[in-house]
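**Student:** My questions all concern the structure below.
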Amino acid sequence: MYVYDQHDQKIIDERVAQFRDQTARFLAGDITDGEFLPLRLQNGLYLQRLAPMLRIAVPYGLMNSIQLRKLADISRTYDKGYVHISTRQNVQLNWPLLEEVPDILAELATVQMHAIQTSGNCIRNTTTDQFAGVASDELEDPRPYCEIIRQWSTLHPEFAFLPRKFKIAVCGSTQDRAAIHYHDIGIELVANDDGEIGLKILVGGGLGRTPAIGSVICEWLDKKHLLTYLEAILRVYNQHGRRDNKYKARIKILVRAMGIDAFREAVEEQWTALKNGPSTLTEEEIIRARSFFRDPAYQTLDTALAISQLEDDCMRDPIFANWITRNTQDHRLPGYRIVTLSLKATGFAPGDITAEQLELLAELSDVYAFGEIRSTHQQNMVLGDVQISALYALWQRLQAAGLATPNIGYLTDIICCPGGDYCSLANAKSLPIAEAIQTRFDDLDYVYDLGPLELNISGCMNACGHHHVGQIGILGVDKKGQEFYQICLGGNQAKDASIGKILGPSFQQKDVPEVIDNILSTYVTLRQEEESFLDTYRRVGIHPFKERAYAKAD
Amino acid sequence: MPRLIKHGSIIDDAWQLMDPDCTVPAPDQICNLDQWLQLGDKNGSAVQLEPGQDPSCLFGALEDIDLLVINFPIFTDGRGFSYARDAREHGYQGELRASGHFIRDQLTYLQRCGFDAFQMADDSHLDAALTSLMDFTEHYQAAIDQPLPLFRRRS
């Protein structure tokens, strides 16, 4: 992973000192609430319903064991001993004290972490595929480009007061696991006709109040132009994005208003002045960025032996066998597998992880996975490089710690924002809905029979729980002070992206699990052979689901 | 006389906004964009841009302008950051002044975008504001104050 040199460290240290001064001035009454707002947001600090929330950046979801131990330590010293993995791969503390946030940031800086631009109307943390570098369907590792974008966007002087927040995601594989169609800018590594790998650029995707799928602004861009091209897009957006209405301020609205062709033209015009300028990437810089993501010290393994042992273990222990099927994936190298640790055990808030679990993960990553851990936008954690022969031992430790719930990619692997229990933006609670659904569907055989299914819950229109792109999406809404839940169907965040359609009038909280049950039984009744929920929905449309969900009880 | 920060120190300033009803500026008067566009002789002129008035209409006469003011009616409207950079990248060499309701915590960013003078709506704490210009001594990306990105300077 990327390692800071003295320059990176200096920038982060100076940022901590700056925020310490800003916080002191705020506490002394020298800065107004309104002036402090963007300053604290751009350091990840929200003032929430019950306490501040600090969102710590995890650039493209990659951490090492030292950082994990530091997070555990910080959560004990400054918080309540647990943290939350957000839907953009970041880590959130729910109960820090404002006065102590500069100290927390200083502690983070000692392990090359920060909270820069995890909120506010600026360029946010760049996200990517959680299986980057180990996926078997990868064209090229996207992380060097994520790191190049991270550096360029960090404390960018021109783009710190944009019309609205700005999110970039990069993907380098056949399957899109980074949801690039739903980002302000989505970047895909693609080959041109000559086989040379470059960048396909999408612009204007997003969730929130007006969900939109990104449009292609450039089919293939030479990698060296990455930063100047991004700069041109951002400059057009900064100058022309709407600022009169925060719900119409995202770049998707500008792209839609101008039309993608006119928008492209405006970008190209800006780009003419920037293209081939000093921000053009040098070959050396690309090589340097890639050097941080080289293969770890993989061993040449006796794969046949390891697989036959694994088969024996699976025969002996069906619970382990099931976990292998549900929570591990092919690695691009034989002899290794990718392991996803579920943070979706029933009874725990989706994405929450305790200090003890963080420390255990740090230890296990040191022993089994070269000391690296990834967070996912589905709010789980990943060990990317586990030897097949070590899987049984690893699983036993995870099982004992409650981190081996075998539900990755299934109904109960719910994406869920913190909702009304924590967030002051929320219209409704989301965590109790997640728990009620997990509790109702506790029969794993039924859950597996339903096949891969994404159920996403957001507590408000900001859509942090990505409800529009869940095959089943649930949105909390406020109706005259009462919490109701709107359900949408058919969303999809993969390359054949689609936005969920609203089923109909919203439901009361207590009815949601029953409604979900009705939707699922409708699918089970209508599906053909191995057809997935999404395919069935796409074939039959929303009406059969609607009829069943709103049918009067006999 | 108003005080402002210019080239890193606090100075008195004689420039004044021109009366909106006048058409010919006296010396030391700053035109609004409409007035400036009407000027026959733009040599030695001063002009103030508001959000929504991008500087491209000045590009033909940047050499004639002595003072370009970019106003920030509210500090969260960041269009002026791009306007400044755009003007500098098109060769503007004169004084580039931020005026209005920006805050001292934005000074380093403003400076990086090419501003060299800062006229804050509240000029009572300019000494303290000066220290904010020194918040950062290293930067990742290219800007007007440092045209080379860090990746071309790393050692």
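The values are calculated or read from the model by the stated rules, or taken from the named source; none is laboratory data. Note that the structure is a prediction, hence the values are computed from the model and not measured. Glycine gets a Cβ as well: all are built from the backbone with ideal geometry, and neighbour counts include every protein chain shown. Surface accessibility is based on the protein's heavy atoms, side chains included, excluding ligands, DNA and RNA. Shrake-Rupley method; radii C 1.70, N 1.55, O 1.52, S 1.80 Å.
**Student:** Give the residues of the range B:63-81 that are open to solvent by 10 Å² or more (accessible area, probe 1.4 Å) and over 28 Å from residue A:249 (Cα atoms), sorted by residue number.
**Tutor:** Answer for the range B:63-81, where residues must be open to solvent by 10 Å² or more (accessible area, probe 1.4 Å) and over 28 Å from residue A:249 (Cα atoms): B:63, B:64, B:66.
**Student:** Taking the criterion of being within 14 Å of chain B (Cβ to nearest Cβ) and surrounded by fewer than 16 Cβ atoms within 10 Å (Cβ to Cβ), would at least one residue in the range A:324-332 satisfy it?
**Tutor:** no
**Student:** Test residue B:52 against the criterion of being within 14 Å of chain A (Cβ to nearest Cβ) and assigned to a helix (DSSP H, G or I), and give yes or no.
**Tutor:** Criteria not met by residue B:52.
**Student:** Which count do you get for residues in the range A:85-115 that are open to solvent by less than 10 Å² (accessible area, probe 1.4 Å), over 20 Å from residue A:382 (Cβ atoms), in a loop (DSSP other than H, G, I, E, B) and modelled with pLDDT of 95 or more?
**Tutor:** So the answer is 1.
**Student:** Filter the range B:55-86 down to the residues that are among the β-branched types (Val, Ile, Thr) and either more than 10 Å from chain A (Cβ to nearest Cβ) or under 17 Å from residue A:237 (Cβ atoms) (or both) and list them by number.
**Tutor:** B:65, B:69, B:70, B:76, listed by residue number.
**Student:** Can you tell which of A:262, A:249, A:257 is aliphatic (A, V, I, L, M) and surrounded by 15 or more Cβ atoms within 10 Å (Cβ to Cβ)?
**Tutor:** None of the other options fit; the residue is A:249.
**Student:** Does the range A:386-397 include one or more residues that are part of a strand (DSSP E or B), among the hydrophobic types (A, V, I, L, M, F, W, C), outside the structural domain of residue A:533 (by TED's automatic domain parsing) and surrounded by 21 or more Cβ atoms within 10 Å (Cβ to Cβ)?
**Tutor:** Yes, because at least one residue in the range A:386-397 is part of a strand (DSSP E or B), among the hydrophobic types (A, V, I, L, M, F, W, C), outside the structural domain of residue A:533 (by TED's automatic domain parsing) and surrounded by 21 or more Cβ atoms within 10 Å (Cβ to Cβ).
**Student:** Give just the number: which of (1) at the interface with another protein chain (Cβ under 8 Å from one of its Cβ atoms); (2) more than 17 Å from residue B:48 (Cβ to Cβ); (3) in contact with a strand residue (DSSP E or B) (Cβ under 7 Å, 6 or more places away or on another chain) does residue B:130 not satisfy?
**Tutor:** Residue B:130 satisfies every listed condition except (1).
**Student:** Separate question: Among the numbered criteria (1) under 22 Å from residue B:151 (Cα atoms); (2) open to solvent by 10 Å² or more (accessible area, probe 1.4 Å), which one does residue A:159 miss?
**Tutor:** (2)
**Student:** Within the range A:47-60, how many residues turn out to be in contact with a helix residue (DSSP H, G or I) (Cβ under 8 Å, 6 or more places away or on another chain) and at pLDDT below 95?
**Tutor:** 3
**Student:** Related question: Taking the range A:153-167 only, how many residues are part of a loop (DSSP other than H, G, I, E, B), more than 7 Å from chain B (Cβ to nearest Cβ) and touching a strand residue (DSSP E or B) at 6+ places or on another chain (Cβ under 8 Å)?
**Tutor:** Qualifying residue count for the region: 2.
**Student:** Can you find, within the range A:425-445, the residue that is modelled with the lowest pLDDT among those that are open to solvent by 60 Å² or more (accessible area, probe 1.4 Å) and assigned to a loop (DSSP other than H, G, I, E, B)?
**Tutor:** Taking the candidates together, the pick is A:425.
**Student:** If you don't mind, there's one more thing I want to ask. If I ask for residues that are at the interface with chain B (Cβ under 9 Å from one of its Cβ atoms) and open to solvent by 60 Å² or more (accessible area, probe 1.4 Å), which ones from the range A:33-45 would you list?
**Tutor:** A:37
**Student:** Spot the failing condition for residue A:254; the list is (1) under 30 Å from residue A:388 (Cβ atoms); (2) in a helix (DSSP H, G or I), and only one is missed.
**Tutor:** Evaluating residue A:254 over (1) under 30 Å from residue A:388 (Cβ atoms); (2) in a helix (DSSP H, G or I) leaves (1) as the failure.
**Student:** State whether one or more residues within the range A:265-278 are assigned to a helix (DSSP H, G or I), surrounded by 15 or more Cβ atoms within 10 Å (Cβ to Cβ), away from chain B (no Cβ under 14 Å) and in contact with a helix residue (DSSP H, G or I) (Cβ under 9 Å, 6 or more places away or on another chain).
**Tutor:** yes
**Student:** For the range A:398-419, which residues satisfy the criterion of being among the small types (Gly, Ala, Ser) and open to solvent by 10 Å² or more (accessible area, probe 1.4 Å)?
**Tutor:** Result: A:400, A:401, A:402, A:409.
**Student:** Can you tell me which condition residue A:79 does not meet? The list is (1) open to solvent by 10 Å² or more (accessible area, probe 1.4 Å); (2) under 18 Å from the mean Cα position of the chain (by Cα); (3) acidic (Asp, Glu), and all the others hold.
**Tutor:** All conditions are met except number (2).
**Student:** Would the range A:372-384 turn up any residue that is more than 17 Å from the chain's Cα centre (by Cα) and either closer than 30 Å to residue A:472 by Cα or not charged (D, E, K, R) (or both)?
**Tutor:** Checking the range A:372-384: not a single residue is more than 17 Å from the chain's Cα centre (by Cα) and either closer than 30 Å to residue A:472 by Cα or not charged (D, E, K, R) (or both).
**Student:** When you scan the range B:137-151, how many residues do you find that are more than 7 Å from chain A (Cβ to nearest Cβ) and either in contact (Cβ under 8 Å) with a residue 40 or more places away in the chain or touching a Leu at 6+ places or on another chain (Cβ under 6 Å) (or both)?
**Tutor:** 1
**Student:** In the range A:34-77, what residues are among the β-branched types (Val, Ile, Thr) and in contact with a Ser or Thr (Cβ under 6 Å, 6 or more places away or on another chain)?
**Tutor:** Result: A:58, single match.
**Student:** State which residue is nearest to residue B:145 (Cα to Cα) when the search covers only the range A:279-298 and only residues that are of a type in the set (A, V, I, L, M) and either open to solvent by 70 Å² or more (accessible area, probe 1.4 Å) or more than 14 Å from chain B (Cβ to nearest Cβ) (or both).
**Tutor:** The selected residue is A:287.
**Student:** Among the residues that make up the range A:56-75, is at least one of them of a type outside the set (Phe, Trp, Tyr), open to solvent by 30 Å² or more (accessible area, probe 1.4 Å) and in contact with a Gly (Cβ under 7 Å, 6 or more places away or on another chain)?
**Tutor:** yes
**Student:** Moving on to the next point. So is residue B:84 within 22 Å of residue A:276 (Cα to Cα), aliphatic (A, V, I, L, M) and open to solvent by less than 10 Å² (accessible area, probe 1.4 Å) or not?
**Tutor:** Considered against the rule, which asks whether it is within 22 Å of residue A:276 (Cα to Cα), aliphatic (A, V, I, L, M) and open to solvent by less than 10 Å² (accessible area, probe 1.4 Å), residue B:84 comes out as yes.
**Student:** Are any residues in the range B:1-22 farther than 27 Å from residue B:134 by Cα and out of contact with any strand residue (DSSP E or B) (no Cβ under 9 Å at 6 or more places or on another chain), and if so, which ones?
**Tutor:** B:21
**Student:** Out of the range B:87-118, which residues are surrounded by 22 or more Cβ atoms within 10 Å (Cβ to Cβ), among the polar types (S, T, N, Q) and more than 12 Å from every other protein chain (Cβ to nearest Cβ)?
**Tutor:** B:99 - this is the single residue of the range B:87-118 that is surrounded by 22 or more Cβ atoms within 10 Å (Cβ to Cβ), among the polar types (S, T, N, Q) and more than 12 Å from every other protein chain (Cβ to nearest Cβ).
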